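The structure appears right after this line, and notes come after that.
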Amino acid sequence: MCIIKRIIAALFSVLVVSTGTNAVITKLKELALTKFDFVLTDNHILFLSILIFLLLCGLVPAVYIAIKKAQQWLAKLRKEKDLKEQQIFNQRMNSYLESRNNLKG
């Protein structure tokens, strides 16, 4: 959970403090004005940044949970595969031992 807090703090600092944000905001305003004939105000930008921040905060735990589930699923598949291989090996060894016993007896 500590990693998630660090990611949230980093995202928050990028959205609020970063000087690069000003350049991005300027480009967004220009893009909205030239392509969509829509004037973006600072309130729009604030709402968009909060929305993006909340989406990312929701995605990080969801991706974390999905990765954990995938790891569990892969471990289960590997275990089943290993068990199947062991059963095949045991069958072959049993038939080999039976054939040796038949040759002796």
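Can you pull out every residue in segment 1-39 that is open to solvent by 90 Å² or more (accessible area, probe 1.4 Å) and not β-branched (V, I, T)?
M1, K5, R6, F12, N22, K27, E30, L33, K35, F36, D37, F38
Applying the selection to segment 40-62, what residues are assigned to a helix (DSSP H, G or I) and open to solvent by less than 80 Å² (accessible area, probe 1.4 Å)?
H44, I45, L48, S49, L51, F53, L56, C57, G58, V60, P61, A62 - these are the residues of segment 40-62 that are assigned to a helix (DSSP H, G or I) and open to solvent by less than 80 Å² (accessible area, probe 1.4 Å).
Of all residues in segment 95-105, how many are open to solvent by 90 Å² or more (accessible area, probe 1.4 Å) and in a helix (DSSP H, G or I)?
7
The values are calculated or read from the model by the stated rules, or taken from the named source; none is laboratory data. Values in this document were obtained by computation on a predicted structure and should not be read as measured data. Side chains included, ligands, DNA and RNA excluded: accessible areas come from the protein's heavy atoms. Shrake-Rupley method; radii C 1.70, N 1.55, O 1.52, S 1.80 Å.
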